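The values are calculated or read from the model by the stated rules, or taken from the named source; none is laboratory data. Bear in mind the structure is a predicted one, so any value in this text is a computation, not a measurement. Note that we place each Cβ from the backbone using ideal geometry, even for glycine, and neighbour counts take in every protein chain shown. Note: areas computed on protein heavy atoms with side chains; ligands, DNA, RNA excluded. Shrake-Rupley method; radii C 1.70, N 1.55, O 1.52, S 1.80 Å.
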Amino acid sequence: MNTSRRDLLKMLGLASSGLMVNLALPSFGQQAQTNNSGFDANAFLHLSTEGVLSFVFPRAEMGQGAFHGLTSLIAEELNVGVAHINVLQAPADPKRYGNPVMPQNMQMTGGSTSMIAHYQPLRQAAANMRMALLNAAAEQLSVDITEITLDQQQIWLAGQSFPWGDFAAVAAARPVPIGAPVKSAAAFTTLGKPSQRIDALSKSTGTAVFGIDIELDNLHRAVVVRCPVLGGRAKSANIEAVAALQGVVGVYIISTGVAVVAEHLWDAKKAAQALQIEWSRPRPLKSINSAELPAQFADLGAKHRGKKAHEEGDETTVFADASEAWTADYYTPYLAHATLEPPNCTVRLTDDRCDVWTGTQAPDIAAGITMSMTDLSPEQVHIHNQMLGGGFGRRGGSDYIIEAIDIAKASGLAIQLVWSREDDIRNDYYRPPSLMRMRASVGNDGRLSSWGCQRVGPQTTPHLLPEILQGVSGDVLPPTIGRWLGRTGGAALDLFSVDDSSVEGLFGDYEIPNQSIYQVTEDPGLRLGFWRSVGHSFTAFGKECFLDEVIQQRGEDPIEYRLRHLQNNPRLAGVVSAVAALAGWSEIRDSGRHFGVAAHTCFGSSVAEIAEITVSSAGTINVERVWCAVDCGYAVNPDIVKMQMESGIVFGLTAALYGEINLVDGEVQESNFHDYPLLRMSESPAIEVVIVNSTDADAPLGGVGEPGTPPIAPAVANAVFAATGQRLRTLPLRLS
Amino acid sequence: MVSFQLNGEAVSIDLPGDTPLLWIVRDAMRLKGSKFGCGAGLCGACSMLIDGQSTRTCVLPLAAVAGKSVVTIEGLGTPHALSAVQQAWVAHSVAQCGYCQSGQIISATALLNNNSAPTDADIDAAMSGNLCRCGTYSAIRSAIKTAAATLNDGVNLYDPSQSMTEA
């Protein structure tokens, strides 16, 4: 996620007109903690008189470690073990639990922002609570505040200790201080140190609850059969025949297809196979064949310059006049997210209340959509967000929530909608395809003198806007109007502007005096969304592979040549040097083994990776080892930083080696893990990570959920060139 | 009526014999630790021990487990009484989203029940049926080696306040 949405809103004039202020979500009035006998220091923190500290976790946990990470901030400032904090999931309430770095304080988890957003505010909230408890204790014990300390859930006075819950009532009766001193990093006992994740126990015993695990009395199960072309509508179906099958309680045509409801999921699945449905297939998607897209995009790029995204100097002239110049086209396909927990949603709807249980990265959007579909008020809508079995951006889409509410309304029953894997692979918000037409020149000093890229492909934000607008306007506008606003905004973005997520990462890393980045928009119509690292997932491939072409043609060293263009970029230069040191670059580079280098900055963090590969006689690419250096500023939870680099690398390797979603007549061809494979243990490399600059507590924080992914595909592709002399310019990588 | 052992207890289930065991365990028995990931035996999230072997239960009909022993993640241990494998999983903070980890732990348990000192190749062979979208493979490998060492020691020491990971 990036600033593109904020820019879009400005461009639409909504922000300046004050319309968005009027549409700001109201307070939902739901507190996760309601025990009035304790001390509510603020919206996040409650201490009961029995001494239980509760923390309302404002983000969604999808594996990235924010559940532990944000709780560790509280633990540090209140001098308590992380595992001793009772963590509660926030309700949908963007005023209290929104993401402060997202536009309009939306309650969205994504863009690798959780720690960046909450590092200062949550520490301050906890420090203020600490001061409030010390003040209360000083008052109750009739001592000066300098005589007492707070540690391990006790107030300490001259060697005697009192449980902190004893002071909750008095603290609750006094104003909570603001601006209490937060600890300096030198005093940290929890942050910056190794730690065991507090969600490790539940996730290692099968007791962690995901949306798919929810059980209710009288709960029915639902499956939906959807058009083979995403977005199609059911015109008619053999409803009566299927409704008569064993165990089926109802069959309904809904917005996305035909729903079968039964008491048992297996009965619903079997009955759904008997459905015969006449579809209305959407244009232009129903005529799209993805095999034709690279040539179509190339054709468009040759005919139209497109919209300017970024310009420095005079790239056109410098490139045209250069004696040393190169061009190359890079292509990356549609990709699916494939979260291991498939989309699911449980809904119980009555006349005056709607409860929704699911895993979502955007509970406020879910709440707004629920209001818009049920005409209930904010106080009547309850979103119960669970642990997410993977997010990667997929669960920022609300389609499965919309479907579940549709089915609950149609059936009058409490229902749990569970998607199959086939449903998931074929009804995603896909990572967009891109053709990146690269060109560059080198001057007499051996440095890059010009750098140009024309990126051809669809833009992502327009696909998300209808749901987002329906969500943020859910209690004041009919759903059709909200979605219309979103479609209009999206069309305007495509016609008049460049979505940041189309081109982010193509520029900004290296010092090159003449640059031009252009976007040509062409949309085949397949629904798009944000996929782990968003635009960087494809731009790093074009940028770092094309740079390697220049490097190899000139006989340069991949580490040194990058450093030559990072004189004013200490963070990225630092990780390039660090990964070289980690791998022992000067020893290994002429060893006869095959290596590829890539470096990229995104979401505030710089990452450099070196991949070592071997190639089998059958032409299989085996990634043997990956060295990774990351600078995310201060490493608040170094174990989690390391885990997220490993996670991003493995995720990116699946895309590098296997990932592609193909369309034939608009129908997604892939369906399950036999034809959309994920990297397995036996294919996974040994990974070594070094965290750079990790102890500088003043360094601006970067995120870690996504930045490990962009460099791995180019690092492997560059290693393939070193091993075989084949320059692969398309993902997934296939040797001929 | 199909009778089998579920986590050491005799059960009898009166549901269609073609129902996959995964849905019997999750929906009829309300044991949610085993997960649905693909419905095609490709991801391993549904893995349970059937007579000691890690098995994909999303494609295993109820009728096929008549008279057999079925052990789920719930049967290996609880938050208050972890198995050695689970202790290693917690100590190494293996889980990220956690959705695949019940299946991973089942397969790791089967491996270590049959092979007390697995090599990397043994681990690859035993574990490659369990997908992890979050990419925790290297942590899984480390945890298996720790569990193997613990099991060979014969003495289990577990201190939940100690982290076994390095920065």
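Structure notes:
- For the condition in contact with a Gly (Cβ under 8 Å, 6 or more places away or on another chain), farther than 19 Å from A:ALA222 by Cβ and open to solvent by less than 10 Å² (accessible area, probe 1.4 Å), A:THR370 does not qualify.
- Every residue from region A:170-200 that is aliphatic (A, V, I, L, M) and open to solvent by 60 Å² or more (accessible area, probe 1.4 Å): A:ALA173, A:ILE178, A:ALA186
- Residue check for A:GLU403: open to solvent by 30 Å² or more (accessible area, probe 1.4 Å), more than 14 Å from chain B (Cβ to nearest Cβ) and of a type in the set (D, E, K, R): no
- Of residues in region A:480-525 being aromatic (Phe, Trp, Tyr) and closer than 19 Å to A:LEU435 by Cα, the one most open to solvent (accessible area, probe 1.4 Å): A:PHE507
- All conditions in (1) open to solvent by 20 Å² or more (accessible area, probe 1.4 Å); (2) more than 23 Å from the chain's Cα centre (by Cα); (3) within 13 Å of chain B (Cβ to nearest Cβ) hold for A:THR620, with the sole exception of (3).
- Put simply, of B:LYS68, B:LYS32 the only residue that is more than 28 Å from A:ALA338 (Cα to Cα), touching an Asp or Glu at 6+ places or on another chain (Cβ under 8 Å), basic (Lys, Arg) and open to solvent by 20 Å² or more (accessible area, probe 1.4 Å) is B:LYS68.
- Test for B:CYS38: is it within 17 Å of the chain's Cα centre (by Cα), within 21 Å of A:LYS270 (Cα to Cα) and open to solvent by less than 10 Å² (accessible area, probe 1.4 Å): yes
- In the condition set (1) open to solvent by 70 Å² or more (accessible area, probe 1.4 Å); (2) more than 10 Å from every other protein chain (Cβ to nearest Cβ); (3) modelled with pLDDT of 95 or more, B:ASP159 is compliant with all but (3).
- Each residue in region A:387-400 was checked for being open to solvent by 10 Å² or more (accessible area, probe 1.4 Å) and either within 11 Å of chain B (Cβ to nearest Cβ) or of a type in the set (Phe, Trp, Tyr) (or both), and 2 pass.
- Test: B:ILE144 is within 8 Å of another protein chain (Cβ to nearest Cβ) and in a helix (DSSP H, G or I): no
- Some residue of region A:221-229 being over 26 Å from the mean Cα position of the chain (by Cα) and without any contact (Cβ under 8 Å) to a residue 24 or more places away in the chain: no
- Any chance A:VAL597 is surrounded by 19 or more Cβ atoms within 10 Å (Cβ to Cβ), away from chain B (no Cβ under 14 Å) and in contact with a helix residue (DSSP H, G or I) (Cβ under 8 Å, 6 or more places away or on another chain): yes
- A:PHE651 being crowded, with 24+ Cβ neighbours inside 10 Å and at the interface with another protein chain (Cβ under 7 Å from one of its Cβ atoms): yes
- Check on A:LYS235, more than 13 Å from every other protein chain (Cβ to nearest Cβ), surrounded by fewer than 21 Cβ atoms within 10 Å (Cβ to Cβ) and in contact (Cβ under 8 Å) with a residue 12 or more places away in the chain: yes
- A:ALA581 being open to solvent by 40 Å² or more (accessible area, probe 1.4 Å), modelled with pLDDT of 95 or more, over 25 Å from A:GLY725 (Cβ atoms) and part of a helix (DSSP H, G or I): yes
- Criterion (of a type in the set (A, V, I, L, M, F, W, C) and open to solvent by 40 Å² or more (accessible area, probe 1.4 Å)) met by exactly one of A:ALA325, A:ALA336: A:ALA325
- Residues that are more than 21 Å from the chain's Cα centre (by Cα) and of a type outside the set (Gly, Ala, Ser) were ranked within region A:693-713; the one that is most open to solvent (accessible area, probe 1.4 Å) is A:ASP698.
- A:GLY592 passes every criterion in (1) buried (at least 24 other Cβ atoms within 10 Å of the Cβ); (2) over 23 Å from A:ARG532 (Cα atoms) apart from (1).
- Boolean, A:LEU122 is modelled with pLDDT of 95 or more, of a type in the set (A, V, I, L, M, F, W, C) and within 20 Å of A:ASP639 (Cβ to Cβ): yes
- Test: residue in region A:331-349 that is more than 14 Å from chain B (Cβ to nearest Cβ), under 29 Å from A:GLY457 (Cβ atoms) and of a type in the set (A, V, I, L, M): no
- Residues satisfying the stated conditions in region A:659-675, i.e. away from every other protein chain (no Cβ under 13 Å) and open to solvent by less than 30 Å² (accessible area, probe 1.4 Å): A:ILE661, A:LEU663, A:GLY666, A:VAL668
- Any hit, region A:377-386, residues being open to solvent by less than 10 Å² (accessible area, probe 1.4 Å), away from chain B (no Cβ under 14 Å), modelled with pLDDT of 95 or more and assigned to a helix (DSSP H, G or I): no
- A search for C-beta distances below 6 Å between a residue of region A:676-692 that is more than 8 Å from chain B (Cβ to nearest Cβ) and any residue that is at pLDDT 95 or above and open to solvent by 30 Å² or more (accessible area, probe 1.4 Å), counting only pairs 6+ apart in sequence or on different chains, returns A:PRO677/A:TYR658; A:PRO685/A:GLU624; A:PRO685/A:ARG625; A:VAL689/A:LYS642; A:VAL690/A:LEU582.
- Consider region B:118-129 and keep the residues that are more than 7 Å from chain A (Cβ to nearest Cβ) and assigned to a loop (DSSP other than H, G, I, E, B). The one that is nearest to the chain's Cα centre (by Cα) is B:GLY129.
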